[in-house]
Amino acid sequence: MTSFTKQVALVTGAGSGIGRATALAFGALGAAVVVSDINDANGQATVALIEEAGGTASYTRCNVADAEAHKAAVAYAVATYGRLDIAVNNAGIGGNFARLIDQTPADWEQMMAVNLGGVFYGLQAQIRQMLTQPEGGKIVNVASIAGVKGMPMGGPYSAAKHGVIGLTKTAALEYVKKKIRVNAICPVYTHSAMVHDLMSQMPDMEERMRRVIPMGRFGQPEEIAQAIVWLCADENAFCTGQAIQMDGGMTAG
Ligand SMILES: NC(=O)c1ccc[n+]([C@@H]2O[C@H](COP(=O)([O-])OP(=O)(O)OC[C@H]3O[C@@H](n4cnc5c(N)ncnc54)[C@H](O)[C@@H]3O)[C@@H](O)[C@H]2O)c1
């Protein structure tokens with residue numbers, strides 16, 4: 001397994017689910033991890049888990065909808081550990097589970113602010129720092145299968161995740177000569193607080209979701225984290241601008 005010793009990784013939304021699993025994976029592989037979230041207690045709990053496992057981590061609050069907060073998070077990483085090699089734009093919300101005509105302007109605006117703006121402003125702050133480093137950097141944006149397929153009852157979510165993939169491809173092309181690689185990961189339903197909230201809204205939801213995944217099960221956050229780690233590995237230096245689907249075979253058919 002690749003080592004990230006002497007590298008610094010920033011993970012947004014790292015207080016829970018896929019973000020926490022990703023922060024733990026980088027910590028276990030030797031990176032110094034900047035854990036960020038809007039839930040301070042959960043973020044600090046992730047730091048404690050990394051430290052208990054022998055890793056290095058610290059917490060800074062970052063509301064990803066706020067461009068200034070991204071600048072501050074990157075500045076914190078540089079002030080604390082001297083650089084930023086890896087950024088994972090993971091924080092996101094599930095939004096209102098409703099048909100298009102029942103989604104309100106507030107539903108739309110919140111989704112765009114967090115799930116799309118959160119990646120856009122993150123990329124800006126992270127790339128500005130990586131441009132100052134001769135080694136460049138690696139960025140992974142957490143999109144979704146809803147970024148490559150429509151999602152009935154999740155119109156704003158699907159629009160935001162399609163947008164994340166567009167930003168990923170554009171950033172990859174703009175900075176390919178600056179040694180900054182930018183990729184996206186597209187998970188299918190993965191066990192996390194977000195998906196459990198969704199399932200609690202509809203009793204038969206879990207079974208219906210499972211049926212559309214050829215492997216017949218949801219993903220685990222740790223499985224998504226390993227794909228993110230792989231995308232950031234220096235052995236994987238030829239891969240940029242991709243949206244990798246982690247979906248138990250769902251989009252193969
Ligand atoms: N779980 C799935 O099935 C699934 C599938 C595809 C994509 N995703 C994506 O994976 C990412 C992580 O989701 P998860 O499933 O781990 O959910 P989760 O709810 O377990 O974790 C999301 C984290 O993001 C944080 N967060 C929410 N709004 C924030 C904000 N404005 N600023 C900073 N942090 C914020 C939350 O506090 C939480 O810690 C999201 O982008 C989500 O869209 C999840």
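Just so you know, all these numbers are worked out from the coordinates, no wet-lab data involved. Since the model is a prediction, treat every value here as computed from it, not as a measurement. Quick reminder, even Gly has a Cβ in these numbers, built from the backbone with ideal geometry, and neighbours come from all protein chains shown.
Listing for the model above:
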| quantity | calculated |
| --- | --- |
| Sorted by Cβ neighbour density within 10 Å, fewest at the top, the residues D204, D247, D234 | D204, D234, D247 |
| Ellipsoid equivalent to region 94-195 - semi-axes via the Cα gyration tensor, in Å | 29, 13, 11 |
| Proximal charge balance of P187 [Cβ under 11 Å; K/R count +1, D/E count -1] | -1 |
| Highest-first arrangement of 26-33, 191-198, where packing means the average Cβ count within 10 Å | 26-33, 191-198 |
| FRET E, pair D197, N236, Förster distance 45 Å, beta-carbon r, rounded to 0.05 | 0.85 |
| Neighbourhood charge, 12 Å Cβ-Cβ cut-off, centred on A32 and excluding it, Lys, Arg +1 and Asp, Glu -1 | 0 |
| Semi-axis lengths, Å, the chain, gyration tensor of Cα atoms, sqrt of 5 times eigenvalues | 28, 19, 18 |
| Q7 long-range amide H proximity, modeled H, under 5 Å | A32 |
| Isotropic mean projected area of the C-alpha convex hull, region 114-158 (nm²) | 3.6 nm² |
| Nearest-0.05 FRET efficiency for I101 and M205, computed from C-beta distance (R0 25 Å) | 0.75 |
| Crossing angle, helix 155-174 versus the chain [Cα axis fit, 0-90 degrees, rounded to tens] | 30 degrees |
| Net length gained if the chain between L131 and N39 were fully extended (0.36 nm per residue, minus Cα distance) | 30.1 nm |
| Rh by Kirkwood over Cα pairs, then Stokes-Einstein D for region 139-188 at 1.306 mPa s and 10 °C, µm²/s | 143 µm²/s |
| Above-threshold pairs, the threshold being 27 Å between Cα atoms, out of K6/K149; K71/K169; K6/K161; K149/K179; K71/K138; K149/K169 | K6/K149; K6/K161; K149/K179 |
| Net lengthening on full extension, Q226/V78 (0.36 nm per residue, minus Cα-Cα) | 50.8 nm |
| Proximal charge balance of G241 [Cβ under 12 Å; K/R count +1, D/E count -1] | +1 |
| From phi via Karplus (6.51, -1.76, 1.60), per-residue ³J(HN,Hα) for region 68-85 in Hz, x at Gly/Pro | 5, 5, 5, 4, 5, 5, 5, 4, 5, 4, 5, 5, 7, 10, x, 6, 9, 9 |
| Rg followed by Dmax, in Å, when region 139-230 is reduced to its Cα trace | 14.8, 50 |
| With Cα atoms, 0 to 90° folded angle of helix 117-130 axis to the chain main axis | 20 degrees |
